[in-house]
1. Does B:S326 meet the test of being buried (at least 21 other Cβ atoms within 10 Å of the Cβ) and either within 14 Å of chain A (Cβ to nearest Cβ) or more than 23 Å from B:D361 (Cβ to Cβ) (or both)?
2. Taking the condition assigned to a helix (DSSP H, G or I) and modelled with pLDDT of 80 or more, does B:V532 pass?
3. Failed condition for B:K164, given (1) within 14 Å of chain A (Cβ to nearest Cβ); (2) at pLDDT 95 or above; (3) closer than 22 Å to A:L79 by Cβ, with all others met?
4. Which residue, of B:D316, B:D284, is acidic (D, E) and either within 13 Å of chain A (Cβ to nearest Cβ) or crowded, with 24+ Cβ neighbours inside 10 Å (or both)?
5. Could you list all residues from the stretch A:2-32 that are within 18 Å of B:A27 (Cβ to Cβ), crowded, with 19+ Cβ neighbours inside 10 Å, touching a residue at least 24 places away in the same chain (Cβ under 8 Å) and over 13 Å from the mean Cα position of the chain (by Cα)?
6. For the stretch B:294-304, which positions are closer than 14 Å to B:I250 by Cα and in contact with a Lys or Arg (Cβ under 9 Å, 6 or more places away or on another chain)?
7. Go through the stretch B:222-251 residue by residue and tally those that are more than 14 Å from chain A (Cβ to nearest Cβ) and either in contact (Cβ under 8 Å) with a residue 40 or more places away in the chain or of a type in the set (F, W, Y) (or both).
8. Of the residues B:G496, B:G503, which single one is small (G, A, S) and modelled with pLDDT under 80?
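The values are calculated or read from the model by the stated rules, or taken from the named source; none is laboratory data. A quick note: this is a predicted structure, and the numbers were derived from the prediction, not measured. Using ideal geometry, Cβ is built from the backbone for each residue, glycine included, and neighbour counts are taken over all protein chains shown.
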Amino acid sequence: MGIRFILMVNKQGQTRLAQYYEWLTLEERRALEGEIVRKCLARNEQQCSFVEHRNYKIVYRRYASLFFLVGVDNDENELAILEFIHLLVETMDRHFGNVCELDIMFHLEKAHFMLEEMVMNGCIVETSKANILTPEMVMNGCIVETSNANILTPVQLLEKTS
Amino acid sequence: MGSQGGFYQSKEFLDLVKSIGEARSKAEEDRIVLSEIETLKRRISEPDIPKRKMKEYIIRLVYVEMLGHDASFGYIHAVKMTHDDSLLVKRTGYLAVTLFLNEDHDLIILIVNTIQKDLKSDNYLVVCAALNAVCKLINEETIPAVLPQIVELLAHPKEAVRKKAIVALHRFYQKSPSSVSHLVSNFRKRLCDNDPGVMGATLCPLFDLITNDVNSYKDLVISFVSILKQVAERRLPKAYDYHQMPAPFIQIKLLKILALLGSGDKQASENMYTVVGDIFRKCDSSSNIGNAVLYECICCVSSIYPNPKLLESAADAISRFLKSDSHNLKYMGIDALGRLIKISPEIAEQHQLAVIDCLEDPDDTLKRKTFELLYKMTKSTNVEVIVDRMIDYMISINDNHYKTEIASRCVELAEQFAPSNQWFIQTMNKVFEHAGDLVNIKVAHNLMRLIAEGFGEDDNTADSQLRSSAVESYLHILGEPKLPSVFLQVICWVLGEYGTADGKYSASYITGKLCDVAEAYSNDETVKAYAVTALMKIYAFEIAAGRKVDMLPEVGFQALDYKFILCKCILIAVFDVVDYLHLLQRAYELQAVIGLDAHAVESIMPADASCEDIEVDKALSFLNGYIQESIEKGAQPYIPESERSGMLNISNFRNQDHHEASSHGLRFEAYELPKQTVQARIPPASLASTELVPVPEPMYPRESYQTTTVPSVSSDAASTELKLRLDGVQKKWGRQTHFPSTSTSNSTSQKTVNGITQVDGSNTANSRTRETYDSRKQVEISPEKQKLAASLFGGPSKTEKKSATGHKSSKPSSHMVKSHAPKSSMEVASEKTSPVQQPPDLLDFGEPTVKTTAPSLDPFKHLEGLLEPTTQVSSAVNHSSTAAVTKSPDIMGLYTETPAGAHHKDNDILSGLSNPPMTNMVGGTTAMQVAQSSKGPNLKDSLEKDALVRQMGVTPSSQNPNLFKDLLG
C-alpha cells in the first residue's frame, strides 16, 4: 500500500485538503485528523519530520502556514516521502506560481487532480512534473492534441501558431 | 470542453472559501459549514442548474465533507455529474464520487455503467478519469464488469492510460488475487514498456508480487539490475530528475525490489553488487533525496547476501547520517544501523555516543527509534541496562499503543536474555505494575509457566529458588495500593502454588494475604476467582500434609460468600453470569475440599502438579474406527481446507478461463464461480470409490500437504534464520566465507573506533592533533554517558582499552580523510582492503564484476528476454525505446524549462485565472530551481498576491493577521 493518506492542514489545524487511500468513515477521519494534527503541530523545527502513530508513520513538512502530512506504512522510506511532499509543492508551484493556502482553497479540485496523477492506490506512480500537469493543461485548453496522439508542449504550440 | 474551463467562480463560492479561511475556531467553522449545508440542500435540487453552477456546488459539498460534516444528501448529484459530456465537469464528478463513496456504497452500481462507457472513450483523458475511479470504487464483485476493458487498455497508445490500467490491475490483485491470477504476466510485460512512467508504475505491483512469492521472480533480477543501472546512468528523460538525481523515486523502488530478491540468495545478490556500489558512489549526500536513495541502498545491502565492500560503504553512509545535525538524518541513521547490525554487529560500537545522544534526545520520535535499535542489539551482556531504560521510558509515556508495544518487548527480551531469576522476576513485576492492563494475557500465562517449569535446566534447586524469590517479591508488592488485574492473577496463582512450598511462610500468613486481595479487589471477579482457587490449593496442601487447618474468620467469610454471589447471579441473570458462576463453583469446591480427609485431598489436588502434561491426541486417532465405518457406509471423506481452495482450483480456474475467453468477449465472474465449484466437486463424487477411499485416515491429506511445502520451507530457511537472532546469523555468514574478512575488518574498525566515537565530524587533521582533541572531548562527555555506553556496547574494560589504542597509527586518520572525500573513497577503500582480504573473498568479489560487465554492454538485450515469444514486438519495442532514450531528453528538457517561474501573475483575477499557462509560456524559461529558490518571502509576488486577495474581497484585517502574514510572506 505505502501511502495511506495525504492531508494539507493549516497551522490553526484546519483541513485544507484530504485524500485517503483506504476507506475511513467520516467520524474516523475526523478523529484521526484531530489526533495527528495535534501531534504534528506541537513539534518544533529541530525535531524529526516523522511521527509514529499507532501502526503507521506520519511524515510532515511545513510550508509557510500550510502543513503537508502524509501517512505511510512502517516500511516506507521516510526521507523519500519527505521529498515527495516537496515534489508535490514544486509541481503546484509550477502550476499556480508561488502556491499558497488560498490557491489550494480556491482550486481544491485542481490540487486533487494533480495528486491523482502522482499517487494512485497508495503508490507513487508519476514523478515527472510535465506528465503530472499535462491533463490539467489539456483540460484548460492550453494544449491542442493532434490525432497522432503526440502532445504538443506549449512551446511547440507557440511555434505552430506563429 | 469549454475553453474557459472551470475558471468561473461565483461570489458565493469566493465568500464561502473566504469565511472558512477566516474562521478562528472549530466552532465557528462548524457554524459556517452547517449554514452552507442548508443553502446547498435548497439549491442543489433546483431544476435546470447550469453545469458550471453544479460543478461548484459539488466542490462545496467536498468542502463540507472535508471539514467533517455529512454531505450524503448531495452524493447522487455527484454521481449524475460523472455522466456529463464536458471533461472537466466529468472529472470533477469522478473526483467527488471517489472522495464521498466507499467501494461498497449502494450508488456504486450506478457508476459502474458510466465507467464502462468512459473506458471506451476516444478521449484518453476521459479514459484516465474513469481509471482513477476504477482504482477507488471497484470492489471484488464489480471487477469482472471492467476487467476485460482494463486488459485491453494495457496496450493503449497513450502511456498515461497504460500506466493507470496497470495500477487498476494492481488494485484488483490486492482486492482479489484470484480474479486476475491469469493476468499477472502483464506486469512483467509492462516492465519493458518504453515509457519510463509506465515502467515506474509497474514496479509497485511487482514489489507486491515478489513480496508474496520471491522464487518465481528470480529471473527478473538481471532486468531490474539493468533498469536500475540505466536509471542511475541518467538514461531516463530529464523530466524524471529531481534535484539533480535521476528518477530517485524509481531508484528507491528498484532497490526495495532488489533487497527482496537478493535476500538470502548469494547468486542473485552477486548480480547486484556493482550497481548498488555505483549508486553509493553517485549519491549526493548533501541533498535530502540523495540521502533517501543512500538509505535505501543501506537497506538493500543489509538485506542481500553480504558483500564486505558494500557493507563498508553502508557503514560510512550511516556514520555520516548519525553525525549530521539534522534530526531526520539521525533518525534514518539509527534505523539503518538497526538493519546493518544484523550482519555486522561490531559496527554499533563506533556509534555508541551518537546512539546515546539520540536516546536522550527530547524528540520522542528519535527516542523511540533508538529504543528499537537497542531492542535489536540486545545481548545477555547488556540486557539489564536496556530493559531498565525501556521500562523507565515505558513508565514515562501515556500513549497506550506504544506502551503496549514496549512492554511486550521488555517481556520478550527478559525472557530471552535474563541473566538471573531474581532479575527476571523483578523486571516482570515492574512491567506488570506499570503496564499490567495493557499486556497481553498470554504474557501472564507465560510468566506463570516459566515460574512453574523453571528455566529448562534440570536444576531443581534453581527452580525452587526462582519460585521462592517470586513469592517473596509478590508478598512485598501486595502492599502497593492499586495493582492491575492481570498482575494480581499471576500473584494469586503463584502464591497458591508455591506460597507455602519452601516453608518460609505459614499457610495462615499466605491465606491472610489472599483474603486481603479478594477483599480489596472485590469488583474484579477474575481476581477473586484466582484468589479462591489459590486458597483452596493452600488448604489442600495443608490438609494433605496432615496439618490442622485453622480457618481465619475472613476466610470463612470469603469462602462462604457464595450465597451472596448466588444472589448476584440471579440479579444479573444474563450478563456476565459466567464469571459469577465460576466463582460460585470455586467457592463450593473450596468448602467441599476443606471437609475431606488428607488422603482424598492429596489425590484431588496433588502438590506442584501444574507442570504435568496433559496429552491431547490432535490427530483424533480414536475416531479412526468410526470414520472407517462411515466411509464404508458411503460418507464423503474429509478434505482439508487447504486442498479445497488450494492451487488445484486456481489452475482449474485458469484453464477454464482460457476456454471461455475464446467463446465470448464479456465475462462476469458471477456466472463462472458456481461452474468452477461444480467442477471441483464432480471428481470426488464420481471417483470417490477409486481415488479417495484409500485415504482412510484423516491424517493423510495433511501429510501430503506438508510434504509439498517442505522444499520451499527448507529453501526459505536461510531467510527466516536471518531474522531470528544476531548470534546465529553472524555464525551463519561467518563460518563459510566471511569469517576471515570480518575478523580483519574488525581489527580495523577497532582502531577507527576512537576517531569516530569521540570526534564529531570535522576532523581531517593528523592523528596527533586529533588525539589532543580527543582527550579534550573526552572530558566534555559526562562520565554517566560513558558508563552507559560501556554497559550498552561492551564492558568498561573494553572502552578503556580502546582509548589506550586510540593513537595507535595513522590508519584511523586516513579513514577519516576517506570519508571526507567520498569520490575517491571507493578506490582508496578497494586498494586498502584488497590485499588484506582472504582469497575466497577476492573470488567473491571478482565474480560479480566480471559477470555484470557483460550484461551492461546491452541492457536492452535483457529486457528482450522478458517478453514472451513475441520477439517481433519486443524488437520493435526495443527500437522505439532506444529512440526514446536518444530523442526524449530534448523534448522533455524543453518541457521542464517552461512554466516554472510564473512571475506574470495578473492583477485581474478572472483574466489571470483564465489563461495563466499562456503567461507562463511567455515568461517561462526559468528552470524549476528558480521556482524553488524563489519560495519564501518574495516582495513582488506577495504584493501581487495581496492585490489578488483584495480583489476577491478578502481584506487583511487585524482579526486574522497571522493567516495573512503567512499567506503573503
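1. no
2. no
3. (3)
4. B:D284
5. Listed by number, the list holds a single entry, A:N10.
6. Within the stretch B:294-304, B:L294, B:E296 meet the criteria.
7. Number satisfying all stated conditions: 11.
8. None of the others qualify; the one that does is B:G503.
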